[in-house]
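Colleague: For reference, the structure I am asking about is given below.
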Amino acid sequence: MSSNAVEVTPKAWNLYIENDILDLQQLRPEVANSWQRCRNLNINPYKEEDHVVSLPELREKLFSKQHLLKVARPYLDNLYNFVKGSGFQVVLTDEEGYLLEVMGDNDIVSRTKRVLLCPGGNWSEAVKGTNAIGTAVVEKRPVQIYAWEHYCQQHHFLTCSAAPIFDADGEMVGILDISGDYRVANAHTLGMVVAAANAVENQLRLLRATDKLYMAYRYSNALLENMSDGLISINNSGIITEINAKGAEIFGVVPSRAKGRHVEQVVSARSPMLRVLADGQEYEDREIIIERVGKKIYSSASLLRDDSGGVIGVVAVFREIDSRHQTRRPTVMHSHCYTLDDIIGESPAIAAAKEWAKLAADSPSTVLINGESGTGKELFAQAIHNASQRHGRQFIALNCAALPETLIESELFGYEEGTFTGARKGGQAGKFEIADGGTIFLDEIGDMSLSVQAKLLRVLQEKTVSRIGSGREKPVDIRVIAATHKDLLAEVEKGNFRQDLYYRLNVLGMRIPALRERAEDFELLTRHLADKICEKLGKRAAEIEAGFLRKIAAHSWPGNIRELENALERAIIRSGPEGVLREEMFDVVEAPGRGTGPCGASPLDSPRALSYAGEQKGERSEPVKAAVGGDVKPTEVLSLRDAEKKLICDALAFYDGNIQKAAVKLGIGRNTLYRKMKEYEI
């Protein structure tokens, strides 16, 4: 604005305020219209209304505008870098004129704070009279208000330039403003504000389009994954661009590994999809054979074309032949999608387990995996299979604890027709037969009955299997991986587990560390699992605050990874649309009888554990009542350090110095036990 305008405008303001006369020669239309609105609203030009929202109300407004704030903040930073040191501040408000964020130099911020140009202040025309923010709200277009153009006298030291922000639907969602001392006003300020507001709008539209594309992808992906038929698409080079879960199951591959590979490596060297690509002849319901496993399936294939009609690839659908037209066999789930790269963690404990798994994968020997429930024993079993020479063959998993003794035998060994009432016509192959050439994973092997253990031992020794009701032995080539959460040596001593089977299984023994032994992995695991859960729930990636991570680190996690997943899913659901995991959202559900002690203490720290080793040796100890609310006080109270040292000594003495047994009983890893022995000079 010119110096002449500075002289004229006060005269025009005084003329209107004192005599109700608008000097339209001197006033811009938007200013004149705003002054008239202010007069109609009975706004006092000499004494403004002080209206600012409470802190809880401001938090609510910030929460409701978090998306706008996230998008606009980089542009606010850029604007402030332009005006820094010039006596101006950058302001973002909502669509009503309530200030959400202010960036400015200390001198101007302290001056404008006196007129409530600060977060929570209301700068609508109804409260503050004519001003760039409030007038832009009414006019719905960029506005610049200079010095005496402000209706209220207290604001005459300001010059303000504001532009509205509209979302992808054309709704006004906020105002972007630069305000400062009118004496250092710049004619280009309004242009800068308009450019920044346009950039924010473009980003909002881009994010809306991205969200729509993402939802469309999720929808189409859900349709693909829930198809009862397998689907594979390839590009013009024969490279697989898409494969659904059923397609991966039919061909015995991992979806993520199949994508990007040539179709010959997955389907066959004479894939009919390549012939369709070569001669353009589509087909329907053609019977083809999966050479690798000798399985017959039906297939239909069509060309994929772009908008101009050019061929860009082939899509084929594969359907397994109805069991009524072939020998009936049980449905077998043989997906094995986890690899060693999928095992998240960098701690020494998990790194050692992964290194041992690599060695096990290179060997054909039997593997026995020990670990607490929820540590990921099956994940390791799948990873060993996928890194072995058997990775292209079946991976069959069976939970020995999930089936009664009467069923587990028929599941493992199969049966002949007429063996028992309800037996299938033609009989049924057992899991050992189905896994021939591949890997069978026997989870919770410690719960297997002694009679079934004897038959399993024979399979391992003779490499043959005999169905129930048949005297014929059938050779099988299988690799057995077993897992348990129990101390099998202790079960052998109790007579619950065969010693010869234990040594037959424990050729390559490995222990999966409990989550509490992997403190270095807490943050990495938490972020990975949170991303996976958010994807499953269809939510944006969660923001995790430091307080929430501290809660994670303080808990003992008796349920291990499974418990952590449950706790994260509860917190993510509680976080609502904001998606921020705060300290107060951390919540764990304790299993009955599985208390973790005060402040998440491990079993090693609990008073109950202090007498456990002695009791196991046959020494009965008197119950110790709590000092609070009990009528008997303990005769001695040890420090946590001394109690832990005593417990370790008791366990080592009980197991005659056997580190492995003592570590298992104490619920810690061998490395942890060695470290504590060194720490306590045991």
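Colleague: Using beta carbons and a limit of 6 Å, which pairs, at least six apart or on different chains, have the first residue in the stretch 480-500 and part of a loop (DSSP other than H, G, I, E, B) and the second one β-branched (Val, Ile, Thr)?
Modeller: Correct list of pairs: Asp487/Val664.
Colleague: May I pose another question? Sort out which residues of the stretch 281-303 are open to solvent by 60 Å² or more (accessible area, probe 1.4 Å) and modelled with pLDDT of 80 or more, and write them in order of number.
Modeller: Once the filter is applied, which keeps residues that are open to solvent by 60 Å² or more (accessible area, probe 1.4 Å) and modelled with pLDDT of 80 or more, the stretch 281-303 yields Gln281, Glu282, Tyr298.
Colleague: So which residues in the stretch 448-469 are open to solvent by 20 Å² or more (accessible area, probe 1.4 Å) and touching a helix residue (DSSP H, G or I) at 6+ places or on another chain (Cβ under 9 Å), if there are any at all? Break it down stepwise before answering.
Modeller: Initially, the stretch 448-469 is screened for residues open to solvent by 20 Å² or more (accessible area, probe 1.4 Å), giving 449-451, 454-455, 458, 461-464, 466-469.
Scanning the stretch 448-469 gives Ser449, Ser451, Ala454, Lys455, Gln461, Thr464, Ser466, Arg467, Ile468.
Colleague: What is the one condition in (1) of a type outside the set (Phe, Trp, Tyr); (2) within 16 Å of Arg504 (Cβ to Cβ); (3) not in a helix (DSSP H, G or I) that Gly437 does not satisfy?
Modeller: Condition (2) is where Gly437 drops out.
Colleague: Something else now. Restricting the search to the stretch 58-99, which residues are within 27 Å of Ala187 (Cβ to Cβ) and touching an Asp or Glu at 6+ places or on another chain (Cβ under 6 Å)?
Modeller: Gly87, Val91, Leu92
Colleague: If you don't mind, another one. Residue check: is Ala361 within 26 Å of the chain's Cα centre (by Cα), of a type in the set (Gly, Ala, Ser) and at pLDDT 80 or above?
Modeller: no
Colleague: Suppose we keep only residues that are in contact with an Asp or Glu (Cβ under 9 Å, 6 or more places away or on another chain) and in a strand (DSSP E or B) within the stretch 304-332. Which one would you say is modelled with the lowest pLDDT?
Modeller: Step by step, filter the stretch 304-332, then rank; the result is Glu320.
Colleague: When residues of the stretch 661-682 are filtered for being open to solvent by 70 Å² or more (accessible area, probe 1.4 Å) and without any contact (Cβ under 8 Å) to a residue 12 or more places away in the chain, how many remain?
Modeller: The total comes to 4.
Colleague: Right, something else. Out of all the residues in the stretch 535-543, is one or more assigned to a helix (DSSP H, G or I), in contact (Cβ under 8 Å) with a residue 12 or more places away in the chain and within 17 Å of Gly667 (Cβ to Cβ)?
Modeller: Within the stretch 535-543, none of the residues are assigned to a helix (DSSP H, G or I), in contact (Cβ under 8 Å) with a residue 12 or more places away in the chain and within 17 Å of Gly667 (Cβ to Cβ).
Colleague: Right, next: Please verify whether the stretch 187-203 includes one or more residues that are at pLDDT below 85, open to solvent by less than 40 Å² (accessible area, probe 1.4 Å) and among the aliphatic types (A, V, I, L, M).
Modeller: No: the stretch 187-203 contains no residue that is at pLDDT below 85, open to solvent by less than 40 Å² (accessible area, probe 1.4 Å) and among the aliphatic types (A, V, I, L, M).
Colleague: Then there is this: Which ones in the stretch 377-408 are in a helix (DSSP H, G or I), open to solvent by 40 Å² or more (accessible area, probe 1.4 Å) and either touching a strand residue (DSSP E or B) at 6+ places or on another chain (Cβ under 9 Å) or at pLDDT 75 or above (or both)?
Modeller: Glu378, Leu379, Ala387, Leu407
Colleague: Out of Leu508, Leu515, report the one residue that is more than 26 Å from Asp362 (Cα to Cα) and either open to solvent by less than 50 Å² (accessible area, probe 1.4 Å) or touching a residue at least 24 places away in the same chain (Cβ under 8 Å) (or both).
Modeller: Details: Leu508 fails: more than 26 Å from Asp362 (Cα to Cα).
None of the others qualify; the one that does is Leu515.
Colleague: Identify the single condition in (1) part of a loop (DSSP other than H, G, I, E, B); (2) modelled with pLDDT under 80 that Arg675 does not satisfy, given that it satisfies every other one.
Modeller: Only one criterion is unmet by Arg675, namely (1).
Colleague: Moving to a separate point now. Return the total of residues in the stretch 440-469 being more than 19 Å from Leu505 (Cα to Cα) and out of contact with any Ser or Thr (no Cβ under 7 Å at 6 or more places or on another chain).
Modeller: Result for the stretch 440-469: 2.
Colleague: Here is a further query. Just to be sure I understand, how many residues within the stretch 165-178 are more than 13 Å from Ala195 (Cβ to Cβ) and crowded, with 24+ Cβ neighbours inside 10 Å? Quick ask: steps written out before the conclusion?
Modeller: Within the stretch 165-178, the first condition is being more than 13 Å from Ala195 (Cβ to Cβ), and the residues that meet it are 166-175, 177.
Cutting the leftovers down to crowded, with 24+ Cβ neighbours inside 10 Å gives us 174-175, 177.
Matching residues across the stretch 165-178 total 3.
Colleague: Moving on to the next point. Give the residue that is nearest to the chain's Cα centre (by Cα), with candidates limited to residues of the stretch 39-67 that are surrounded by fewer than 12 Cβ atoms within 10 Å (Cβ to Cβ) and in a loop (DSSP other than H, G, I, E, B). Spell out how you get there, then give the answer.
Modeller: We begin by selecting, within the stretch 39-67, every residue surrounded by fewer than 12 Cβ atoms within 10 Å (Cβ to Cβ); these are 40, 42, 46-47, 50, 54-56.
Next, only the ones that are in a loop (DSSP other than H, G, I, E, B) stay: 42, 46-47, 50, 54.
On the way: Asn42: 55, Tyr46: 56, Lys47: 54, Asp50: 46, Ser54: 35 Å.
The residue in question is Ser54.
Colleague: Kindly indicate whether any position in the stretch 479-491 is open to solvent by 80 Å² or more (accessible area, probe 1.4 Å) and under 18 Å from Leu398 (Cβ atoms).
Modeller: Yes; the residues of the stretch 479-491 include at least one that is open to solvent by 80 Å² or more (accessible area, probe 1.4 Å) and under 18 Å from Leu398 (Cβ atoms).
Colleague: Test of understanding: among Val109, Val173, Val115, Val91, which residue is among the hydrophobic types (A, V, I, L, M, F, W, C), at pLDDT below 90, within 20 Å of Val53 (Cβ to Cβ) and within 42 Å of the chain's Cα centre (by Cα)?
Modeller: Values: Val173 fails: at pLDDT below 90; Val115 fails: within 42 Å of the chain's Cα centre (by Cα); Val91 fails: at pLDDT below 90.
Criteria check complete, one pass: Val109.
Colleague: Find the residue count for the stretch 199-213, including only residues that are of a type outside the set (A, V, I, L, M, F, W, C) and touching a residue at least 12 places away in the same chain (Cβ under 8 Å).
Modeller: Final tally of qualifying residues: 4.
Colleague: Which number in (1) open to solvent by 10 Å² or more (accessible area, probe 1.4 Å); (2) out of contact with any helix residue (DSSP H, G or I) (no Cβ under 7 Å at 6 or more places or on another chain); (3) modelled with pLDDT of 90 or more marks the one condition that Ala136 misses?
Modeller: So Ala136 meets the others, but not (1).
Colleague: Something else: Just name the residue that is least open to solvent (accessible area, probe 1.4 Å) out of those in the stretch 99-130 that are among the hydroxyl-bearing types (Ser, Thr, Tyr) and in a helix (DSSP H, G or I).
Modeller: Step by step, filter the stretch 99-130, then rank; the result is Thr112.
The values are calculated or read from the model by the stated rules, or taken from the named source; none is laboratory data. Quick caveat: nothing in here was measured; it's all calculated off a predicted structure. So basically every Cβ, Gly included, is an ideal-geometry build from the backbone, and we count neighbours across all protein chains shown. What goes into the accessible areas is simple: the full protein's heavy atoms, side chains included, and nothing from ligands, DNA or RNA. Shrake-Rupley method; radii C 1.70, N 1.55, O 1.52, S 1.80 Å.
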